[in-house]
Amino acid sequence: MQLGAFANQAQAERAWSALSARFPSIAAMNKMIIPFSGGIRLRASASSPAEAKQACQALKVAGENCFVAN
């Protein structure tokens, strides 16, 4: 599940800290920092597509952005 794209790793780490503190479902997942040509992608690895979808829906209800990446 992608939680955001950032200019640098420090921004991604701050976002992870904030999101994992607010959402226990995110804190329970594995953090993934993925470099790409435009910066850093912040993702969380769920144990199943259904878990990722449920967690992403909870974030959206709370006003955050995310999407389930394949």
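Some points to look at:
- Contact map, region 44-64: residues that are within 16 Å of R22 (Cβ to Cβ) paired with residues that are among the basic types (K, R) and open to solvent by 60 Å² or more (accessible area, probe 1.4 Å), Cβ distance under 8 Å, separation 6+ or inter-chain. Pairs shown: A44/K31; A62/R22.
- Subset of region 28-70 that is open to solvent by less than 100 Å² (accessible area, probe 1.4 Å) and among the β-branched types (V, I, T) - its residue that is farthest from F6 (Cα to Cα): V68
- Applying the condition of being among the hydrophobic types (A, V, I, L, M, F, W, C) and part of a strand (DSSP E or B) to region 1-22 and asking which residue is nearest to E51 (Cα to Cα) yields L3.
- Any hit, region 9-23, residues being of a type in the set (F, W, Y) and either open to solvent by 50 Å² or more (accessible area, probe 1.4 Å) or under 9 Å from the mean Cα position of the chain (by Cα) (or both): yes
The values are calculated or read from the model by the stated rules, or taken from the named source; none is laboratory data. Computed from a predicted model, the values in this text were never measured in an experiment. Heads up, the Cβs are rebuilt from the backbone with ideal geometry, glycines too, and the neighbour counts pull from every protein chain shown. The accessibility values were calculated without ligands, DNA or RNA, using every heavy atom of the protein model including side chains. Shrake-Rupley method; radii C 1.70, N 1.55, O 1.52, S 1.80 Å.
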